[in-house]
Amino acid sequence: MNIARDIKPITYLKSRAADLLKQINETRQPVVITQNGEPKAVLQDPESFQNMRNAIGILKLISQGEEDIKNGKFKTQEEVFTKIENLLKEKMK
């Protein structure tokens, strides 16, 4: 993060919104908006935002999977393949 470029006061946002949006979309770097010297918001380009949401979703799924394994809620690969093979055999009849 470039502090001079990526942290801006709210007055900058009010007066130069178009420039700020252009910067965000060109650099793909989020910008922290401050009010009275305190960070209050983060502006981010839509693609980076979506990528971040996707990554969080994947991490949640991994976490749930690890919890299931810890609690014994899983099937072995062999069990899954056997079940699939049996289902296929039933459909072929």
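The values are calculated or read from the model by the stated rules, or taken from the named source; none is laboratory data. These numbers were taken from a predicted model, which means no experiment stands behind them. Methodologically, a virtual Cβ is constructed for each residue, glycine included, from the backbone with ideal geometry; neighbour enumeration extends over all protein chains shown. Side chains included, ligands, DNA and RNA excluded: accessible areas come from the protein's heavy atoms. Shrake-Rupley method; radii C 1.70, N 1.55, O 1.52, S 1.80 Å.
Of Val80, Val42, which has the most accessible area and how do the rest follow, probe 1.4 Å?
Numbers: Val80 60, Val42 95 Å².
Per-residue accessible area, sorted high to low, gives Val42, Val80.
With both partners inside the chain, how many of the DSSP beta bridges are antiparallel, as a percent to the nearest 5? Mind showing how you got there, number by number?
Details: 5 of 8 bridges.
Antiparallel bridges: around 60 percent, rounded to the nearest 5.
For n ≥ 4 DSSP H runs only, could you compute -39500 (n - 2.57) per run for the chain, divide by its residues and tell me the 222 nm figure to the nearest 500? Spell out each step's value before the answer.
Working: 5 runs with 62 residues, N = 93.
Helix contribution divided over all residues of the chain: -21000 deg cm²/dmol.
Which whole number of Å³ per residue matches the convex hull of the alpha-carbon atoms in the chain?
178
How much area per residue is accessible in the chain when the probe is 1.4 Å and only protein heavy atoms are counted (Å²)? It would help to have the intermediate numbers written out before the result.
Numbers: 7880 Å² over 93 residues.
Roughly 85 Å² per residue, with all protein chains present.
Can you work out the FRET efficiency for the pair Lys91 and Asp68, with r the C-beta to C-beta distance and R0 = 25 Å, to the nearest 0.05?
On the way: r = 28 Å, r/R0 = 1.13.
According to the calculation, E is roughly 0.30.
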